[in-house]
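In what follows, a single structure is set out as structure tokens and then discussed.
The values are calculated or read from the model by the stated rules, or taken from the named source; none is laboratory data. Because the structure is predicted, anything quoted here is derived from the model rather than measured.
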Amino acid sequence: MSGTEIELEKDKAKFGLVAVMASNVAIVAVAVVGVWRLKGDTSVIVGILTAAFTAVSSMTTAYLGIKAVSNTARSMTLAGGPVQQQPPAPAPSVPAAPAGTDAVPAPATPAPTS
């Protein structure tokens, strides 16, 4: 990767993080103003705080998830394609039973009924 591509990636990461942080601050500000204006209506305050927490957590999780997938895709592209997986190792073999013996015992014969 050239120097300009690296700088571009750094700028994208910085501005993406700034955008997520600014939106989180805006959500928190709206929630604080909403709680302040309600002056003690507990059920509505709980609803506002729940919605604000959900919005902040989903925004942050989405950003981090997209960033992780983007970084993984870039590293796979730079490495020359997907990494080839090794075939699974063969299962350990079961030792053979000694000669002249049965591996499974024969069932007992039922007793005759009168």
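Numerical summary
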item	result
Filter result for the condition that a residue is aliphatic (A, V, I, L, M) and within 22 Å of the chain's Cα centre (by Cα), over ALA19, ALA62	ALA62
Residue match in the stretch 76-88 (condition: in a helix (DSSP H, G or I) and modelled with pLDDT of 85 or more)	yes
